[in-house]
Every structure is written in C-alpha cells, then in structure tokens.
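Colleague: Input: one structure, supplied below.
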Amino acid sequence: MGSEMCIRDRNVTSSKDWEKVRRPEVLQLFSKQVYGFLPQVDISASYKVLSKTTGVFGGLAMRKQIEMTLSNGKETRKLLLLLYIPQQKQKAYPAFFVYNFAGNHTIYNDPDIIPSDCWCGNLDIIGVKHNKSSEAIRGCRQGRWPLEMILSRGYAIATMCYNDVFPDHINGFEDSVLPLICLLYTSPSPRDP
C-alpha cells in the first residue's frame, strides 16, 4: 500500500481526497504507532517579556527574553526563551528554534542574557558543577552558535535550555512539563548507584 492509497483500498485522486480521507488516516497512524495521543487537558500559557533590547550585534538584531508560564491549574512550569530577531524591514522572519544544554547565557558572552536557573548535568568540560548552570560558564558555547551569520542572512533564532522542558535526571519527569498533560503517573524506582 503506497502513500497514494487510502486504508480502504481507495486511491487518492484529488486534494479533497487527501484532506478529507488520507491525511486524517496518516495522522491517526502516527498517533497510534509513533507518537501516541496527546491527552485532552487544558493548559494555559502566558508570556512575559523580561527584556527587549534593540541594536544588538551592532544594530543587526533585537534581543527578547521571554518567560513562558504553562499551567494546568494544579502544576505550573516556567520556561525562559531567548529570541534574536533581525532588525530588517520585514513583518515576519523564518526562525531556527534550537535547544541549548546548559542555559541561554552559554550561547553568547553577553552580560545582559539572563542566566537560566535550571538543573544541568555536570559537564566538567565546560565547568558545570553541582548540577547547576552558573555565571562562570557564560559564553562557553559561543563557538557553536554563529548568531551574527544567521541573523545577517535574515533568520531569527530562538533557544531555551532543554532542562527547562525535561531535566535529564532520574526524576526528570516530575520536574518536566509532562505532569501538565499526564494525569496518572507512577514514578520509576530509583536506580542503584
């Protein structure tokens, strides 16, 4: 059965067939066999601009730092988004969204980038100790982030620390955004040291 064939052995012959029949079938297959179903839970989202600075990188971009708050009424999680937008005369820009691994302040040595206050795995190679990001590692990943090149080509860049979304430790589930959508969960038993 090819992608042009519907589950009911009917060929897709028009865009209407695709929209009304085949596309819902493909989405259903991905939900059942790949990603799973998203629980039907109401999650509120609010956003607070913590800082907005124009003229960064010599006038090339605007930097916004945005606190995103997600809540299901019982649990709340906060995420810190760092966003660079080119300062060209356009209404919208294509954007790269990329997680960072030790905090927003690690992608560029700029004292105005708000340090991420998230759990971090100990990374001796860059100086993360006691599972906390710190001021000492500001800009340590700058070589991996060609910000000026990307912005000069007309792309925006958004990043946040992946540990704000799902901390990479044994109890990461409880500290992650997943409890906002999962109503029932049994914590795994801790691993032996």
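Colleague: Which residues does the label zone of ASP175 cover in segment 65-92, counting backbone N under 18 Å from a point 7 Å along Cα→Cβ?
Modeller: 70, 75-81
Colleague: In nanometres, what is the gap between the two model label sites at THR76 and LEU27, each 7 Å from Cα along Cα-to-Cβ?
Modeller: 3.2 nm
Colleague: If you roll a 1.4 Å probe over the heavy atoms of the protein chains, what accessible area per residue do you get for segment 49-183, in Å²?
Modeller: In whole numbers, segment 49-183 has 53 Å² accessible per residue.
Colleague: Hey, could you grab the Kirkwood Rh for segment 25-160? Inverse mean 1/r over distinct alpha carbon pairs, Å, one decimal.
Modeller: Here the Kirkwood hydrodynamic radius works out to 16.9 Å.
Colleague: Please report the orientation-averaged projected area of segment 1-104, defined via the convex hull of its C-alpha atoms, in nm².
Modeller: Answer in nm², one decimal: 11.5.
Colleague: Let me ask something else. Any chance you could look up the accessible area of PHE96 with a 1.4 Å probe, heavy atoms only, rounded to 10 Å²?
Modeller: Taking all protein chains as shown, PHE96 has close to 100 Å².
Colleague: From the protein chains alone at 1.4 Å, what is the descending order of accessible area for TRP18, TRP119, largest first?
Modeller: Ranking TRP18, TRP119 by accessible area, largest first, yields TRP18, TRP119.
Colleague: Around ASN100, which amide H atoms from residues at least 5 apart in sequence, or from another chain, sit under 5 Å from its own amide H, with H modelled in the peptide plane?
Modeller: Amide H neighbours of ASN100, under 5 Å, 5+ apart: MET160, CYS161, TYR162.
The values are calculated or read from the model by the stated rules, or taken from the named source; none is laboratory data. Model, not experiment: these values are computed from the prediction. No Cβ is skipped: glycine too gets one built from the backbone with ideal geometry, and neighbour counts run over all protein chains shown. What goes into the accessible areas is simple: the full protein's heavy atoms, side chains included, and nothing from ligands, DNA or RNA. Shrake-Rupley method; radii C 1.70, N 1.55, O 1.52, S 1.80 Å.
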